[in-house]
C-alpha cells in the first residue's frame, strides 16, 4: 500500500525539487524587473525558502529509497510536447547516484547561500547573485534527477548559462566579460556533443531514457548501439563532459572563471559544475565502456589533464588560480577512474573533492587576509617561493617542464591564435570582400540609372565649382 | 470562411494604420494611431483563430498544420508588428517610417493566403517597395535599396514568372528563396539593410521573411526541396559563422536572424513531420524573440544616440538594467534557452530532420551553438563593462509592458498555452 502511494506521489514530489528554486529565481527577479526595490532580507528569505524546500523534498525521496520502500526507478511526470512519434516525456530518475549528487548539491547551495549573505552584503549585484544561484540550483536538481538525457540537457544548459553570468558578475571590469564569454564558448561548443548523442539515440532507438539494468545500483543509459554508432555516441558524450569539466585541451577557461565572486567560484568550479562531466559519464557508463577506444581515450585525457593541472598549478602566483588547477587535476583523476570502471570510487572522489575544494576556495580571501596579518606580526615578508628541492617540485627544474607550466601548456595560445584567431580573420576577410563587391554592384546600377547619371554629373559639377 | 473574413478585416486594419500614421499631426500621435490599428488587426485575426482552433494543443497538430500554421504566422506577424510599433523610438522614426512598417506587417499577414504560388514570390515586393521609400532618405540607403530590389526583388519577379509559365521553376524559386533568406553569398542586401534601416523597420522585414518562408513550401517544386534544404543548412552555418566575426552589433543581429531563418527553411523542406512542425516553431521564435532583441537593440541605440560596436564592452547595464535583462532573456529564448519556445523549436527540428539528413542536421546543431555564442557576446559587450555617464531612462512603462508581453508569449507558446 505504502510503496504504491509513494510511487503515485513521487512524480509530483520530484517535480517540486527543481520547481522551488525556479520559483525563488522568479520571485527575486520579477519585482526588480518592474522597478520595485527589494531588501536583502527579502531576497535571502526567498532563496532560503526555495533551497530548504527543495532539500526537504530531496531528503524525503532519499529517505524513501534508503528505507527500502522503493527501488531505483524512473517516474514520468507527463508529456511536454509531442508531434507524431516524437514526444518529449518529462521523466525523473530516482536512484542512489542522482539523490546523492542532488542532495549534496542542494546542501552546498544552502551553505554557499548562507555564506554569501554576509560576504556580498551591500554588494551592487547581491540580488542578481542570488537569482543566478537559484537558476544554478534548479539546473543541478534537473541534472541530478533527470530520467533521460533530454531532461539532463535542460539542467545542463541552465547550469552553463548561470555559470557564465556569474563569471561576468563584476561587470565594471573588462576581464570578467572576456572570461565569461570564453567559458560560454567552451560550454556551447562542447554541448554540441551532448545534443548529437541525444539526437542519435532518439533517431535510432526512439528515446534517450535512463533505465536500471538488472539489479544495478543506479540508473543509466543502456548500451543499445553497436559499431560506429556506438563510438559516435560514446565520443560525443565524452566531448560534452570534457568541456564542462575543463579537461585538456579545454581547461583554459577554468582559472579564468575564478573572476566571479568567491562563493560562486567555490560552488561552481570547486564543487558542483565542474563535476557534471563525470556525473554525465557515470550515468552513461555503458556507453563509455562500449568500446575500449572510448575508455582508453577517457583514461588518456583524464591523466593528461591531471598531469597538466598538477604542473601548471605549481607555478601560479595567486591562490584562486592555484586552486582552480587543483580542481583540474582532481577532475582529471576522476575521469581516469571512470575510464577504468571504478564508478563508486569516482562518486566518492567527486563528493570528497567537492566538499574539500569548496572549503578551500571559500577560505581563500580570508587566508590572504590572515597571511597579511601574520606578516605584520612577524615584521617581515613570508616567502612565497616554490621549494624546488622538495618532492615532485624537482620536475620544475627541467626547463621544458617549467616552460610548459608557466605557459599553461601553450593550450590557450594554441586555441586563441591558431584556431579561433585564424577562423575569425578568414571570416572577416570574407565579410570585407562581400561589402566590396556588393558596394560596387550597387554603385554600378545606380550609375546606370538616368537619375543616377544626372546625380553623378551634378556631384561632379559641384566638385569642380 | 469566418477566419478568412477576420483575416481580411485584420489586413484592412493594418493598411488603415499605415494611412493614419501618415495623416497624424505628429510622430507620437502617428505611433499611437498605427499601434491601435495593428492591435485591432491582431485581435481580429486572433479571434478568428481561436474560434476555429481544434481542441488539441498547438504542439500536437500535424494534420491541421498547413491551415493552422498559416494563421498562426499571420497572427504572430501582426502581433509582432504591434510590438515593433510600440517599441519605435518616436524621435528616430518619421511618420512615413511607421506607415512603411504597417505596410510590411500587412503584407506579411497576407502572404500565407496568396491564391497562387507565383503570388507568394511577387507579393513581398509590396513590402520591399515601401521599404525602398524609407531607404532613399537614409545615408547609404540608395545602395541598400538597389541591392534589395535586385536580389530578393528581381529574383522574386523571375521566380514568379517561372512559376507562372512553368519553366525552370525549381531553380528560379530556389534561387529566389536563398536570396530572400540572405544565404551567403546572396546576403549582401540583408546586412546593408540592417545597417541603414531603422531597426524597427528591419524587424518588419524579418516578419515578412518569416511569413513568406511559411508559404514557400507551396512554391518550390518537389525535386528541388532536398537540395534546397541542404543549401539552407550550409547557409545557417555560414551566417552563424559570419555573425561571430562581426564587429558591428546591427550586422551581428542580422546574421543571427538570417541563420535562424535558414534553419527554419531547412526544417520546412525536410521530410520529417516533427521537423516541419519545428520549422513553424522556429519561425514563431524568430517573429517573437529574435525581432524582440532586434527591437531592444534599437531601443538601446536610441538611448545612446549611436550605432554600437562589439569591439569593447559598453557598460550599459549600470544605466539600463531592465533593458539588459530583457535583451538577455529574449536573446536566450531566440538561442534556444531550455523551457522556452526556442528550445521546443530546435528540439523538434533536430529530432525530425536527423533521420533523413544527418550531415545538414549536424550543421544546424553547430549553427545553433554559434548563434548562442554570438548572442552572449552581444549581451556581454553591449551591457557589461565599465559604465559611462549614468543615464536614467531605463525601459519606460510602455516599453516594459510590451517587452514583458513578448517574453511571456515566448514562454507561453513553448507550453502550448497560446493559442489552445
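A few points about this structure:
- Evaluation of residue B:405 against (1) under 20 Å from the mean Cα position of the chain (by Cα); (2) within 10 Å of chain A (Cβ to nearest Cβ); (3) surrounded by fewer than 22 Cβ atoms within 10 Å (Cβ to Cβ) (one fails), failing number: (2)
- Residue among A:64, A:83, A:109, A:74 that is touching a helix residue (DSSP H, G or I) at 6+ places or on another chain (Cβ under 6 Å), in the same structural domain as residue A:23 (by TED's automatic domain parsing) and closer than 20 Å to residue A:279 by Cα: A:109
- Matching residues, the stretch A:430-451, being in contact with a helix residue (DSSP H, G or I) (Cβ under 9 Å, 6 or more places away or on another chain) and closer than 18 Å to residue B:191 by Cα: A:430, A:431, A:434, A:435, A:437, A:438, A:439, A:441, A:442, A:443
- When the stretch B:24-42 is limited to residues that are part of a helix (DSSP H, G or I) and in contact (Cβ under 8 Å) with a residue 60 or more places away in the chain, the one that is surrounded by the fewest Cβ atoms within 10 Å (Cβ to Cβ) turns out to be B:28.
- 3 or more residues more than 14 Å from every other protein chain (Cβ to nearest Cβ): qualifying helices (runs of 4 or more DSSP H) within the stretch B:185-272: B:199-215, B:222-245, B:249-268
- The requirement of being part of a helix (DSSP H, G or I), at pLDDT 90 or above and under 25 Å from the mean Cα position of the chain (by Cα) is fulfilled nowhere in the stretch A:85-92; no residue meets it.
- Residue among A:165, A:120 that alone is in contact with a helix residue (DSSP H, G or I) (Cβ under 6 Å, 6 or more places away or on another chain) and either more than 10 Å from chain B (Cβ to nearest Cβ) or in contact (Cβ under 8 Å) with a residue 40 or more places away in the chain (or both): A:120
- Number of positions in the stretch B:306-326 that are under 24 Å from the mean Cα position of the chain (by Cα) and surrounded by fewer than 18 Cβ atoms within 10 Å (Cβ to Cβ): 3
- Just one of the listed residues (A:114, A:146) is in the same structural domain as residue A:197 (by TED's automatic domain parsing), modelled with pLDDT of 90 or more and buried (at least 24 other Cβ atoms within 10 Å of the Cβ), namely A:146.
- Where helices (runs of 4 or more DSSP H) fall entirely within the stretch A:290-381, those with at least 1 residues that are farther than 28 Å from residue A:401 by Cα are at A:292-314, A:343-378.
- Qualifying residues in the stretch A:29-47 (those that are in contact with a helix residue (DSSP H, G or I) (Cβ under 7 Å, 6 or more places away or on another chain) and away from chain B (no Cβ under 14 Å)) - the one surrounded by the most Cβ atoms within 10 Å (Cβ to Cβ): A:47
- Selection within the stretch A:300-342 - closer than 20 Å to residue A:221 by Cα and in contact (Cβ under 8 Å) with a residue 40 or more places away in the chain: A:334, A:335, A:338, A:339, A:340, A:341
- Test for residue A:185: is it touching a helix residue (DSSP H, G or I) at 6+ places or on another chain (Cβ under 6 Å) and closer than 27 Å to residue B:381 by Cα: yes
- Of all residues in the stretch B:333-345, those that are assigned to a helix (DSSP H, G or I), closer than 26 Å to residue B:396 by Cβ and over 16 Å from the mean Cα position of the chain (by Cα) total 0.
- Filtered residue count, the stretch B:76-101, keeping only those that are more than 15 Å from residue B:291 (Cα to Cα) and either part of a helix (DSSP H, G or I) or within 14 Å of the chain's Cα centre (by Cα) (or both): 6
- For first residues located in the stretch A:81-102 and within 16 Å of residue A:156 (Cα to Cα) and within 14 Å of another protein chain (Cβ to nearest Cβ), partners that are surrounded by 18 or more Cβ atoms within 10 Å (Cβ to Cβ) and modelled with pLDDT under 90 and lie 6+ apart or on another chain with Cβ distances below 7 Å form the pairs A:90/A:80.
- Leading residue by the ranking (surrounded by the fewest Cβ atoms within 10 Å (Cβ to Cβ)) among those in the stretch B:138-172 that are without any contact (Cβ under 8 Å) to a residue 12 or more places away in the chain and over 30 Å from residue B:226 (Cβ atoms): B:142
To keep it simple, each residue is scored yes or no on (1) more than 14 Å from chain B (Cβ to nearest Cβ); (2) closer than 29 Å to residue A:92 by Cβ; (3) in a helix (DSSP H, G or I); (4) in contact with a helix residue (DSSP H, G or I) (Cβ under 7 Å, 6 or more places away or on another chain).
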| position | (1), (2), (3), (4) |
| --- | --- |
| A:172 | no, no, no, no |
| A:190 | no, yes, yes, yes |
| A:194 | no, yes, yes, yes |
| A:202 | no, yes, yes, yes |
| A:231 | yes, no, yes, yes |
| A:236 | no, yes, yes, yes |
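- Enumeration of residues in the stretch B:346-378 that are facing chain A (nearest Cβ under 7 Å) and not in a helix (DSSP H, G or I): B:354, B:355
- Selection status of residue B:182, in contact (Cβ under 8 Å) with a residue 40 or more places away in the chain, surrounded by 22 or more Cβ atoms within 10 Å (Cβ to Cβ) and either touching a strand residue (DSSP E or B) at 6+ places or on another chain (Cβ under 8 Å) or assigned to a loop (DSSP other than H, G, I, E, B) (or both): yes
- When the stretch B:307-334 is filtered for residues that are away from chain A (no Cβ under 11 Å) and within 16 Å of residue B:387 (Cα to Cα), the ones remaining, listed by number, are B:308, B:309, B:311, B:319, B:320.
The values are calculated or read from the model by the stated rules, or taken from the named source; none is laboratory data. In this text the structure is predicted, and so the values were computed from the model without any measurement. Counting neighbours? That spans all protein chains shown, and the Cβs are built from the backbone with ideal geometry, glycine included.
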